[in-house]
Amino acid sequence: MQSSLEERACDLAVYIIENRATVRAAAKQFGVSKSTVHKDLTERLPHVNPGLYRQVRVLLDLNKAERHIRGGLATRRKYRGEALAAGEKA
């Protein structure tokens, strides 16, 4: 059981790095919750693969810094009646 959790943490990190994905996108891709992705990446991954953790941490920090911009753009599109991009909520 433990090895599958560790493997999932590594798989999530690789997916986020390769696709420059958000936690939400990774959760949807792997069929788990956002909190599970976050826990896997911030608590499990540093113990399993510290090098991979450092790489994914850069993207997590970048996504966190940019999330207010993505939210504002989504709101703008919503009120202008434009179609939302894949994965965005109204």
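Restricting attention to the stretch 7-50, which residues are of a type in the set (K, R) and in a loop (DSSP other than H, G, I, E, B)? Selection gives R20 alone.
With respect to the conditions (1) modelled with pLDDT of 90 or more; (2) touching a helix residue (DSSP H, G or I) at 6+ places or on another chain (Cβ under 6 Å), E88 lacks only one, and its number is (1). Scanning the stretch 20-35 for residues that are modelled with pLDDT under 95 and within 19 Å of R54 (Cα to Cα) gives R20, A21, T22, V23. Look at the stretch 16-43: where a residue is exposed (fewer than 14 other Cβ atoms within 10 Å of the Cβ) and a partner is modelled with pLDDT under 95 and not acidic (D, E), sitting 6+ places away or on another chain with Cβ atoms under 7 Å, you get R20/L59.
Considered as a group, the residues in the stretch 27-45 that are touching a helix residue (DSSP H, G or I) at 6+ places or on another chain (Cβ under 7 Å) and among the charged types (D, E, K, R) include one that is nearest to R8 (Cα to Cα), and that residue is D40. When you scan the stretch 63-71, do you find a residue that is over 15 Å from I16 (Cβ atoms) and surrounded by 11 or more Cβ atoms within 10 Å (Cβ to Cβ), even just one? Yes, the conditions are met somewhere in the stretch 63-71. Specify the residue that is modelled with the lowest pLDDT; the eligible residues are those in the stretch 54-85 that are within 17 Å of the chain's Cα centre (by Cα) and of a type in the set (D, E). The extreme case among them is E66.
The values are calculated or read from the model by the stated rules, or taken from the named source; none is laboratory data. For clarity, every value in this text was computed on a predicted model and none was experimentally measured. For neighbour counting, all protein chains shown are included, and Cβ atoms are generated from backbone atoms with ideal geometry for every residue, glycine included.
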